[in-house]
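Have a look at the structure below, then the notes.
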């Protein structure tokens, strides 16, 4: 949360067992640094970044810059709202 670099997030995706998870949803993920780190280390995963409109725009650029945007969908929403239903992409 609030890490200045996605690389600072790497301890979690390198140590957590993501076995059986196909799609990971990051609600309130801001710029997507944690989701980008996880997707970078777990190439079999797809992701969804959910955040409010003001925060989600940088997230798309962040994911694109880290080379994982092709496996991630960016959606509008917040932790206090009903989450959008899943799509065929994830």
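Observations on the model:
- Segment residue 44-residue 22, length gained on full extension (0.36 nm per residue, minus Cα span): 7.2 nm
- Per-pair calculated FRET efficiency, R0 = 22 Å: residue 10 and residue 75 via Cβ, rounded to 0.05: 0.35
FYI, it's all coordinate maths here, none of it is from the lab. Here the structure is a predicted model, which means the values were calculated and not measured. Note that each Cβ is placed from the backbone with ideal geometry, even for glycine, and that neighbours are counted across all protein chains shown.
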